[in-house]
Every structure is written in C-alpha cells, then in structure tokens.
Amino acid sequence: MEPSGEFVQSLARGLTVIRAFSGDRPALTLTDVADATQLSRATARRFLLTLEQLGYVRTDGKLFSLTPRVLELGYSYLSSLGLPEIIAPHLETLAHDIQESASAAVLDGGDIVYIARVAGRKIMRVQITVGTRFPAYATSMGRVLLAALPESDARHVLESSPREALTPFTKTSIDDILAELASIRHNGYALLDQELELGLRSLAVPVHDSHGNVVAAVNVSTVAGGTVEETTSLIRDRLQQTATDISCDLASRPA
C-alpha cells in the first residue's frame, strides 16, 4: 500500500528502529541498527538518541537495547481488548489440569503475538513471554487465526510472509497451508507436529467474542510422543472447553 499524503515518515522510521531489536538480538550497535533498518548511520543515530531521551532505549556508549518502557506501547492495546485478564485464569487452570504449557495469541499481519502464557515443562529452546512473535504459517494458533479469515485474505497474508522450512516437517507451500486451513475450519482445531520446532507438538482452537468473531486462539504445547491421534484425544476436548469458557466470559463482560 502506498503511503498517503498524511503519512508521517519519521514516525514510521522510529518504529522500524524499535522493531530492529528482538529476542535473538537484544543489544545492537549503531551499525547493526542502520543495517537492519536500511537507514543511514546518521539517521539511525538520531532516532536511537531520541528514543533514549524518551526512555525507550538505553546505551552503554556502544551497544543499544530496549527498556521495559517499550511494553507500554503494546499494553494499551491489550488492556483495551480485556483479553489477557480474562484468558489468564483459564490458562492457569488448563495448564495445571493437564500439566502442559498453555498459551493465547492474536494475529498481527503474518505473525502471532502471545498475549498470555502459562509454562509447563520446558519443551522449547526459545523462551516464550507475552509479546513473543512467531510466524503464523508455522504455528497451531497462527493457522487457527488464519483459518478464521476469508480464504482470499489468508492467501494474501501467506503470500506477503516469508515462509521458510523451520524443520524438515514445516509446510511452506501456500496451497498446502490453505488446504490445512480448510481442514481447520471443518474440524474446529489445528494440530501441528514438529513444524515450528523438532520435538514440539501443539494443538490450538479459536476463541470467539459475543458476535461469533474469532478474536484469539489458545493452544497447548507438548512433547511429540505417541501418535497425533493420541495427542488430540488427550487434549482437544479440554482445550475446546477452555476456549468456550473464555468466550462465555468475553460475552458476559460489560459493553
């Protein structure tokens, strides 16, 4: 989409600088930021120093890193939804009952963003916290959320997203993923077996608001042991009941 005449380029660049940091790259040099954002060193430096003065970035004179204040940028959005506060107690109960990790996420472009998480036994190499992002095409929650979109919109998201094989089992073909989405719409859940990480299996279901719209997804992650049918039979009904309970709470909250 072409920027309109009211597009504020400096704001867009500032946000690009913030997004240059990640869990894999929490501390960056000026050159790192310039390379990641395709800005000149002088421009990147101005943005970094501005963000430092505003309290969103700190530096030791060589390396720059984000401060916790950055969380404020997303907290207002999450609070306005009311989702984390409603979902968290249900995930706590679910994780306790089945002794596995339980999570919730929303769709943001081609990624999912975690809005709640209760960790069980450690099964992933990557630490997951609120705000963690993963590619939607390779996650059970991402596929549930993509399946809630019209097929043309889901195809557009997939076409606009890099799709790399994260493991030997990752589906990257758009047609293959769209076929999976059709199956998810029919079955009401998504099960991914070692597509995001070897040894990891996850099952996800949608969460609906009072109008029947899918507003989030919840999942359970477990070790890829036994058959996928066994995993489904052990987890699906309990997970779907959790999603139903969350949806009921969403519907009953004051308008």
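The values are calculated or read from the model by the stated rules, or taken from the named source; none is laboratory data. Remember, predicted model here, so these are calculated numbers, not experimental data. We place every Cβ from the backbone using ideal geometry, glycine too, and count neighbours over all the protein chains shown. What goes into the accessible areas is simple: the full protein's heavy atoms, side chains included, and nothing from ligands, DNA or RNA. Shrake-Rupley method; radii C 1.70, N 1.55, O 1.52, S 1.80 Å.
What the table shows:
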| read-out | value |
| --- | --- |
| Pairs with Cβ under 7 Å, 6+ apart, first in region 173-193 and without any contact (Cβ under 8 Å) to a residue 60 or more places away in the chain, second of a type in the set (Phe, Trp, Tyr) | Ile177/Tyr137; Asp193/Phe169 |
| Scan of region 62-74 for residues that are in a loop (DSSP other than H, G, I, E, B) and at pLDDT 90 or above, ordered by number | Lys62 |
| Count of residues meeting criterion [over 20 Å from His96 (Cβ atoms), modelled with pLDDT of 80 or more and in contact with a Gly (Cβ under 8 Å, 6 or more places away or on another chain)] in region 232-255 | 1 |
| Per-region count, region 205-254, residues open to solvent by less than 50 Å² (accessible area, probe 1.4 Å), without any contact (Cβ under 8 Å) to a residue 12 or more places away in the chain and in a helix (DSSP H, G or I) | 0 |
| Qualifying positions in region 190-235 - within 17 Å of the chain's Cα centre (by Cα) and of a type in the set (Ser, Thr, Tyr) | Ser202, Ser221 |
| Residue pairs meeting the criteria (Cβ under 8 Å; at least 6 apart or on separate chains; first within 13 Å of Val70 (Cβ to Cβ) and open to solvent by less than 20 Å² (accessible area, probe 1.4 Å), in region 40-60; second of a type in the set (Gly, Ala, Ser) and not in a helix (DSSP H, G or I)) | Val57/Ser65 |
| Filter result for Glu229 (of a type in the set (Asp, Glu) and at pLDDT 90 or above) | no |
| Residues of region 75-105 classified as surrounded by 13 or more Cβ atoms within 10 Å (Cβ to Cβ) and modelled with pLDDT of 80 or more, total | 19 |
| Selection count, region 138-191, where residues are over 22 Å from Ala104 (Cα atoms) and hydroxyl-bearing (Ser, Thr, Tyr) | 5 |
